[in-house]
Amino acid sequence: GQVTPAEQKYQGAPSPLAKEPMHQTSNPKAPPMTQAEFDRARQIYFERCAGCHGVLRKGATGKALTPDLTVEKGTEYLKVFIGYGSPAGMPNWLTSGDFDAATVDLMARYIQHDPPTPPEFSLEDMEKSRKEYIPVAKRPTKKMNNYNINNIFSVTLRDSGEIALIDGDTKEIINIVKTGYAVHISRLSASGRYLYVIGRDARLNLIDLWMEKPDNVAEMKIGLEARSVETSKFKGWEDKIAIAGTYWPPQFVLMDGDTLKPRKVVSTRGMTVDNEYHPEPRVAAIVSSHQKPEFLVNAKETGKIWMVDYTDLENLKTTQIDTAKFLHDGGFDSTRRYFMTAANASDKIVVVDTKTSKLAALVPVGKTPHPGRGANFKHPKFGPVWATSGLGDESIAVIGTDPVKNKQHAWKVVQSLKGQGGGSLFIKTHPKSTNLWVDTTLNPDPKISQSVAVFDIRDLDKPPQIIDIAACAKIADDGAKRVVQPEYNQKGDEVWFSVWSAMNKQSAIVVVDDKTRTCKTVLNDKRLVTPTGKFNVYNTQHDVY
Ligand code: DHE
């Protein structure tokens, strides 16, 4: 289907591979290019094109662009496509003003050459990059600070390559910790002691929250580009094993939880659910089973969910579940038995039963679902449900999750709510709350991207209240102030939003009182540069959402 501007914007972030040196390949049938032209085009490709077309140009949400296809089309044809775009979602790079005519010509020639392949990254490469700043023997044996660790928030400072640890009780910054470039998500160990942070540049940081001033204790590069990390949560395995997935190379690594020592690397290359080979199935969301000592790993392009048994890394047992292509983000239902995850460009929510290790359902929803980890609540009519919003349209799909007492509604969209519009990234509620919050971060209308919709769970037929979160932050600067990702405190009586401005502009975090739906506190410390994701320790540790 057609791709909206919000969806385009979402996939268009520059890949860290843009900075990697790679050799020019020669294709005698392609139009000539100098080494300098090739290098420039390669960088532009990784900044603008790789997100949709893939590093190897084998196609993902965008079409395949390998020379066997492109040379035949020829430079003139390709220039029209690049310059003017297509209704299917290819951006109009020339008429939008992003590229000049010379750049369009350059890219049309570049994609007729063989794609340069970034280097692989082995277990040995990982081990070589690993640093243990504080070895286990020198770490605290008990909590050395007076923080209420359960209510600490780890906040992504996207463009400064740091996270802010914020005390949720006092709202004070505890520490700003250096992490990877364009840092992406934080996850907690089962005990809540260790915090894992992954950067887009595949730098993994391990932070010990027991230290007097929590800080990095270990660090490792797990590849060249990454988005996900998780830790073992099954009884008896708490804090033992960590896992991180990479976009490049397409693989995941299992590590010791307290030192990051890499133990096993597994490639995700292989067949798609349509039985075609894919050389670059990027690892998207990873969750940790509460039913078995297993991780669930989303291989985006193949549409396979790997269940990885971590009890015996030497004799590793994995199960691959065929689902739908373009797996992205997701979380558990309220019982933490079912993994609900988006196959985003397939417009589906995939449901996996982690107890039986089987696909439970594929649920068609609105265009390009994007749940984050989703939102669980009790629907007044349909019982336990899980909800997702999306990038492609304003619909919010509410899906029944109780196959025992509400069998006829299980794995069906029982209600479709109407939000403010497309461009939504995250939705959130809390077991103690009756509010369902929905952001619209990437909606092209600033009024919509700067505000959020809040539904009353007790009466979902009532239209949502719209709250202008950016206005609460009272930022004088002009420029985009995108409001992103609701996250609750431990108690479930506050919900935190990021007001995400450009790197050189003032950003903020707005804390809203959940009951009154009014702004309560604004955190606008200058060090909070481009805050996006926020991860409350307790809620992340226990999969409360
Ligand atoms: Fe994310 C989660 C990938 C852009 C903020 N993001 C995820 C996950 C993946 C992913 C695979 C799930 C991880 C998991 O659960 O293990 N994100 C990508 C991309 O590939 C993409 C589209 C483009 C890119 O080049 O990176 C992308 N993401 C963004 C952003 O632009 C966001 C809004 C701002 C930012 O910080 O970069 C963003 N992504 C987030 C957040 C989460 C996330 C806050 C975790 C949400 C949660 O509640 O768990």
**Message:** Any residue in region 405-434 that is within 26 Å of Gly392 (Cα to Cα) and modelled with pLDDT of 95 or more sitting within a Cβ distance under 7 Å of a residue that is assigned to a helix (DSSP H, G or I) and not aromatic (Phe, Trp, Tyr)? List the pairs, counting only those 6 or more apart or interchain.
**Reply:** Gln420/Ile448; Gly421/Ile448; Gly422/Ala6; Gly423/Ala6; Gly423/Ser449
**Message:** Which of the numbered conditions does Ser416 fail, given that it passes all the others? Conditions: (1) of a type outside the set (A, V, I, L, M, F, W, C); (2) closer than 21 Å to Val483 by Cα; (3) more than 16 Å from the ligand (Cβ to nearest atom).
**Reply:** (2)
**Item:** Cβ-Cβ under 8 Å pairs, at least 6 apart or on other chains, region 355-373 side within 16 Å of Gly419 (Cα to Cα), far side at pLDDT below 95 and surrounded by fewer than 19 Cβ atoms within 10 Å (Cβ to Cβ)
**Value:** Lys367/Gly1
**Prompt:** Hey, among the residues in region 181-199 that are in a strand (DSSP E or B) and open to solvent by 10 Å² or more (accessible area, probe 1.4 Å), which one's farthest from the ligand (Cβ to nearest atom)?
**Reply:** Tyr194
**Asked** From Ala218, Ala226, which residue is part of a strand (DSSP E or B) and over 20 Å from Phe295 (Cα atoms)?
**Response** Ala218
**Asked** Considering region 401-415 alone, what residues qualify as being part of a strand (DSSP E or B) and more than 24 Å from the chain's Cα centre (by Cα)?
**Response** Ala410, Val414, Gln415
**Request:** Specify which of the listed residues (Asn406, Asn376) is over 26 Å from Val483 (Cα atoms), polar (S, T, N, Q) and crowded, with 18+ Cβ neighbours inside 10 Å.
**Result:** Asn406
**Request:** Tell me, yes or no, whether region 437-458 has at least one residue that is more than 21 Å from Ser498 (Cα to Cα) and touching a residue at least 40 places away in the same chain (Cβ under 8 Å).
**Result:** yes
**Item:** Test result for Pro14, away from the ligand (no atom under 16 Å from the Cβ), modelled with pLDDT of 80 or more and not aliphatic (A, V, I, L, M)
**Value:** no
**Request:** Could you figure out which of (1) open to solvent by less than 60 Å² (accessible area, probe 1.4 Å); (2) more than 16 Å from the ligand (Cβ to nearest atom) isn't true of His23?
**Result:** (1)
**Asked** Of the residues Pro384, Pro431, which single one is more than 20 Å from Asp329 (Cβ to Cβ), in a strand (DSSP E or B) and open to solvent by 10 Å² or more (accessible area, probe 1.4 Å)?
**Response** Pro384
**Request:** Sort out which residues of region 459-512 are within 17 Å of Leu523 (Cβ to Cβ), in contact (Cβ under 8 Å) with a residue 40 or more places away in the chain, open to solvent by 50 Å² or more (accessible area, probe 1.4 Å) and in contact with a Ser or Thr (Cβ under 7 Å, 6 or more places away or on another chain), and write them in order of number.
**Result:** Arg482
**Message:** Among the residues in region 124-135, are any open to solvent by 20 Å² or more (accessible area, probe 1.4 Å), among the hydrophobic types (A, V, I, L, M, F, W, C) and closer than 28 Å to Ala6 by Cβ?
**Reply:** no
**Request:** Collect the residues in region 337-360 that are under 22 Å from Gly390 (Cα atoms) and not aliphatic (A, V, I, L, M), keeping them in residue-number order.
**Result:** Tyr338, Phe339, Thr341, Asn344, Ser346, Asp347, Lys348
**Request:** Return a yes/no flag: does region 356-368 have any residue that is among the charged types (D, E, K, R), more than 19 Å from Ala285 (Cβ to Cβ) and within 16 Å of the ligand (Cβ to nearest atom).
**Result:** yes
**Request:** Could you grab the pairs with beta carbons closer than 7 Å, sequence gap of 6+ or different chains, first residue in region 275-288 and more than 17 Å from Thr246 (Cα to Cα), second one open to solvent by 20 Å² or more (accessible area, probe 1.4 Å)?
**Result:** Tyr277/Met271
**Elements of type helices (runs of 4 or more DSSP H) in region 1-91, at least 1 residues being more than 29 Å from Ala182 (Cα to Cα)** = 67-84
**Asked** Considering region 315-348 alone, what residues qualify as being out of contact with any strand residue (DSSP E or B) (no Cβ under 8 Å at 6 or more places or on another chain), without any contact (Cβ under 8 Å) to a residue 60 or more places away in the chain and assigned to a loop (DSSP other than H, G, I, E, B)?
**Response** Asn315
**Message:** Looking only at residues that are farther than 23 Å from Lys138 by Cβ and acidic (Asp, Glu) in region 204-233, which one is farthest from the ligand (Cβ to nearest atom)?
**Reply:** Glu225
**Complete:** Okay, strands (runs of 3 or more DSSP E) sitting entirely in region 120-180 with 2 or more residues that are at pLDDT below 95 and β-branched (Val, Ile, Thr), I get none
**Item:** Options Lys9, Lys63, Lys58; residue that is in contact (Cβ under 8 Å) with a residue 60 or more places away in the chain, more than 16 Å from the ligand (Cβ to nearest atom) and open to solvent by 60 Å² or more (accessible area, probe 1.4 Å)
**Value:** Lys58
**Prompt:** Under the condition of being among the acidic types (Asp, Glu) and open to solvent by 60 Å² or more (accessible area, probe 1.4 Å), which residue from region 313-336 is farthest from Met271 (Cα to Cα)?
**Reply:** Glu314
**Asked** Is it the case that Thr401 is hydroxyl-bearing (Ser, Thr, Tyr), buried (at least 23 other Cβ atoms within 10 Å of the Cβ) and within 27 Å of Lys378 (Cβ to Cβ)?
**Response** yes
**Request:** Tell me which of these Glu301 doesn't satisfy, since it passes every other one: (1) open to solvent by 10 Å² or more (accessible area, probe 1.4 Å); (2) farther than 24 Å from Glu238 by Cβ; (3) in a loop (DSSP other than H, G, I, E, B).
**Result:** (1)
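The values are calculated or read from the model by the stated rules, or taken from the named source; none is laboratory data. Here the structure is a predicted model, which is why all the values come from computation and not from measurement. No Cβ is skipped: glycine too gets one built from the backbone with ideal geometry, and neighbour counts run over all protein chains shown. For accessibility, only protein heavy atoms count, side chains too; no ligands or nucleic acids. Shrake-Rupley method; radii C 1.70, N 1.55, O 1.52, S 1.80 Å.
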